[in-house]
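These notes are about the structure you will find just below.
Please treat every number below as a calculation from the coordinates, not as lab data. This one's a predicted model, so the numbers in the text were calculated from it and none came from an experiment. Don't worry about glycine lacking a Cβ; one is built from the backbone with ideal geometry, like all the others, and counts go over all protein chains shown.
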Amino acid sequence: MSIHSIRGVLFDFDGVLVDSAPVHRASWQEAFRRVLGRQMPDYPADELTGASSHEIGERLANRTGTPERASELVEAKIAALLDVVASPEPLPGAIEVTASLHARGVPFGIASNAPGQYVRRVAAELGIQATAILGFEDVPRPKPAPDAYIACARAIGFSDDELGTLLVCEDSVPGIAAARAAGMPTLGITSMHNAETLLAAGADLVAGDLSAARSLIPLFAR
């Protein structure tokens, strides 16, 4: 990866820009109460990081022996997520980096496996002014398919021939796989996985958070 050839940035949302794991966990717990009237089984966050809501719903439903209720659980989880009043906290460097990119006219977008309505609302509340924000429902296939990053690249003005000039910031193995499939260089953020895991998945560089990444990515430090 040539970090000096980067002309734009695509961010994952949860675990890269915001610390939202507690919000998602609470929303799944509420979904289990609403749909099944029972407690949610153990939520293996490291295993489910980066997975789409539908995939997580299927896994959790299978754990409780109710695979036929997976779709209901997903719908209830999304509804519970959208009912959350308090926004998750931004992670270190998220506000500073995105504000700097916006002020300098550097195109950047957000592509998430979370519901787009939730991502757009939280980004607006935090003042993150991305050129485009896509959720799982905005593309045919969620990550690890490359659809979200390719669509987001197009939405911020990049052609398919220019995908290699966009840096993807990701914290999950499925997200890194999606970026690699799209032909984009990737910065791995170690909010959920260690550096070795993200490098093995294909990340070109790793950092603890976007604040730390400012010493690695010239485009972030300007």
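Compute the long axis of helix 21-36 from its Cα atoms, compare it with the longest principal axis of the Cα atoms of the chain, and write down the angle in degrees, 0 to 90, nearest 10.
30
Please give the helix 116-126 orientation as an angle from the longest Cα principal axis of the chain, in degrees from 0 to 90, rounded to the nearest 10.
60
After finding the eigenvalues of the alpha carbon gyration tensor for segment 79-222, what semi-axes result from the square roots of 5 times each, listed largest first in whole Å?
Largest first, segment 79-222 gives 20, 18, 17 Å.
Could you work out [θ]222 nm for the chain from helices alone, using -39500 (n - 2.57) per DSSP H run of at least four and dividing by all its residues? Round to the nearest 500 deg cm²/dmol.
-13000 deg cm²/dmol
What ranking do 56-63, 13-20 get when scored by the average of other Cβ atoms within 10 Å per residue, highest first?
For the peptides 56-63, 13-20, the packing ranking is 13-20, 56-63.
Can you tell me how much longer the chain between Glu96 and Ala26 gets when fully stretched, taken as 0.36 nm per residue apart minus their C-alpha distance, in nm with one decimal?
Stretched out fully, the Glu96 to Ala26 stretch lengthens by 22.4 nm.
Any idea what angle helix 70-83 forms with the longest principal axis of the chain, computed on alpha-carbon atoms, 0 to 90 degrees, nearest 10?
60
Work out, in µm²/s and without decimals, the Stokes-Einstein translational diffusion coefficient of segment 1-130 at 10 °C, 1.306 mPa s, Rh from Kirkwood over C-alpha pairs.
100
Hey, how much of the P(r) for segment 21-83 falls beyond 21 Å, as a percent of Cα pairs?
8
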